[in-house]
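What follows is a short report on a single structure.
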Amino acid sequence: MSTPASARVRPPREGRSNGQWLVDGTTPLNHNEEFKAEDNPLNVRERIEKIYAKEGFDSIPEDDLHGRFRWMGLYTQRRQDISGSRTASLGPDELSDKYFMLRVRIDGGAVTTEQLRTIGQISLDFARDTADISDRQNIQLHWIRVEDMPEIWRRLESVGLITTEACGDCPRVVLGSPVAGIAADEIIDPTPVIEQIVQRFIGDPDISNLPRKFKSAITGHPSLDVVHEINDISLVGVVHPELGPGFDLWVGGGLSVAPRLAERLGTFVTAEQAPEVWHGVIRIFRDYGYRRLRNKARLKFLLAEWGPQKFRQVLQDDYLGYELPDGPAPAPAPYAGDHVGVHAQKDGRNYIGFAPTVGRVSGTILNRVADVAEAAGSQRVRFTPHQKILVLDVPGDQVAGVVDALRELGLHADPSPFRRNTMACTGIQYCKLAFVDTKDTATATVAELEHRLRDVKLELPITLNLNGCPNSCARIQTADIGLKGQILTGSDGEPEFGFQVHLGGGLANADRDEPGLGRTVRGLKVSAEELPDYVERVVRSYVGSHDAGETFSAWAKRSDEQALR
């Protein structure tokens, strides 16, 4: 069965330094801490522009290349000739090509059509027409050369976009409701809070050296559309019976190899307080987070030691200087939070949510989306934490034309259940950590399932998430069917792409009130080639034996192992 969230994350052992700055001092205890202490990673921007862009890839020293570059949204890209069976045995220099993945930071997922077209043209000019929508509302480009970064930054910043702290041990992109400010049933618009956080704190050297990454999410929408249970901090819209609309504070979520769901601190936070509360939580992480071991350096480990009551007290007493009132928990989500389909805005116009296949698009497609939106009178597009695209502000008489035009690009407003609910990380094509292909495998699997299961009507959605390694960028532990990439041995004795199967996970949504982590079935692994067969088999087993109204997750948790194979 699934393991309780609190059982999977254990704090470090007592009696030795864990690198907590306000407990153990600031002496670096590993090389990651050393290079951050030697030179603030934000300073690497100047060296990229003045030295590396002129002298080329081979001029970049190790600590900048595999360390500080991340603070500017740059990761070295995987060499194309390195198989997945060699991922674990090679170092970063051997795995790295002389190209980069560039992550464009899009806080709240909100872009104008001008910004979207700028990204699209950068993709065409510098990234071989690549573009992926990540599940953090960012756009990722590939095949980037360091020589081109000054011009790329010039273009991005000319339209108000940045890559600062898109990666690294720092405050990464702030997830925001994709329908912020436009949804008719919105509880509170989080846009001003997100804007204040970005303007005041992103690029601030005082919080640019954290133990590890810090993920944030803020929503005021009742669909709970920012996966708030798996972020380091989340602010979720609620209505206080006396104080009115505001936010419920969650802390300490995260997945990877030691998954833990966030916990409520039980506090009510006003919109005016929210930026300072966010700043308080991130400074707690900076000052008390564990820095000795990288695999214990996320906020979830500190919360596991302290518990929510102590965390709240330290936040109030030492970082805010005032008490936060108790507040209500969010209500269960009334419907899906991916916003796919046509929906009325509060101003009488419409927003339309489109599903690309597992987030893979291109510069050409992004430019065309901008063209179609503008032709319909819209200048606003948003990305979602579910790898979807929304076009906002569409008049009623333009809806059908926008839907038809984007369908021709492979973007569907009425996708099949599996096209809508399948997610995949970058995978072996570009990622140095991956063991297996994810994007192409997922795309082929979706096409097969659309054909094979066309006779099956699913009353409730089934999510299918593919990840190329154990790090869970694609949230495998919170999917109905989560697939963790690994190398298997084929019948011929040769290595082949495969997956360990996790079943029955999920975040709070319209179909389940409580989040939970999936279970693994002993010895259940499938090859990439066998994946459509396996998913078809387990879906038909569910359809044939579940109780009325029972979710796949609930069915998977109660079923015996034979039904899940």
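The values are calculated or read from the model by the stated rules, or taken from the named source; none is laboratory data. Small disclaimer: the values here were computed from a predicted structure and weren't measured. All Cβ positions, glycine included, derive from the backbone under ideal geometry; neighbour counts span all protein chains shown. Calculation scope for accessible area: heavy atoms of the full protein, side chains included, ligands and nucleic acids excluded. Shrake-Rupley method; radii C 1.70, N 1.55, O 1.52, S 1.80 Å.
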Under-5 Å amide H pairs with PHE435, H placed in peptide plane, nonlocal only: CYS469
ASP93 paired with ASP513, simple spin-label distance in nm, labels 7 Å along Cα-to-beta-carbon: 5.7 nm
Whole-angstrom gap from segment 412-448 to segment 209-266, using each part's C-alpha centre: 27 Å
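Taking a threshold of 28 Å on the Cα-Cα distance, which of the pairs LYS98/LYS296; LYS36/LYS296; LYS36/LYS525 fall above it?
From the list (LYS98/LYS296; LYS36/LYS296; LYS36/LYS525), the Cα-Cα distance tops 28 Å for LYS98/LYS296; LYS36/LYS525.
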Reachable lysines, given that their alpha-carbon falls under 17 Å from the alpha-carbon of LYS310 and they are not under 8 places away in the same chain: LYS300
Gyration tensor (alpha-carbon) shape descriptor, segment 102-225, a/c threshold 1.5: oblate
Summed side-chain charge close to LEU22 - residues other than LEU22 whose Cβ falls under 13 Å, Lys, Arg +1, Asp, Glu -1: 0
(1) 22.7, 68; (2) 23.7, 78; (3) 31.0, 101, with the label sought being that of the calculated Rg and Dmax of the Cα atoms in Å: (1)
For segment 202-219, Karplus couplings with θ = phi - 60° (6.51, -1.76, 1.60), whole Hz, Gly/Pro x: 6, x, 7, x, 5, 10, 8, 10, 9, x, 8, 5, 10, 10, 10, 8, 9, 9
DSSP-loop GluC sites (Glu not before Pro) across segment 374-471, with at most 10 other Cβ within 10 angstrom: GLU408
Accessible area of the chain belonging to carbon and sulfur atoms, whole % at 1.4 Å probe: 47 percent
Whole-number percent relative contact order across segment 429-477, with pairs defined as alpha carbons under 8 Å at least 6 apart: 44 percent
Value of [θ]222 nm, deg cm²/dmol, for the chain, DSSP H segments ≥ 4, -39500 (n - 2.57) each, nearest 500: -8000 deg cm²/dmol
Neighbour-limited loop hits for trypsin sites (Lys or Arg not before Pro), segment 422-472 (at most 14 other Cβ within 10 Å; DSSP other than H, G, I, E, B): ARG454, LYS457
Calculated FRET efficiency for the pair ALA375/ASP455, C-beta based, R₀ 41 Å, to 0.05: 0.60
Cut-off under 5 Å, modelled amide H: who pairs with GLN345 long-range: ASN350, TYR351
Radius 11 Å from Cβ of LEU460, net charge of other residues (Lys, Arg +1; Asp, Glu -1): -2
9 Å beta-carbon shell around THR163, net charge (K/R +1, D/E -1): +1
Amide H partners (placed H, <5 Å) of ARG380, local residues excluded: THR113, LEU392
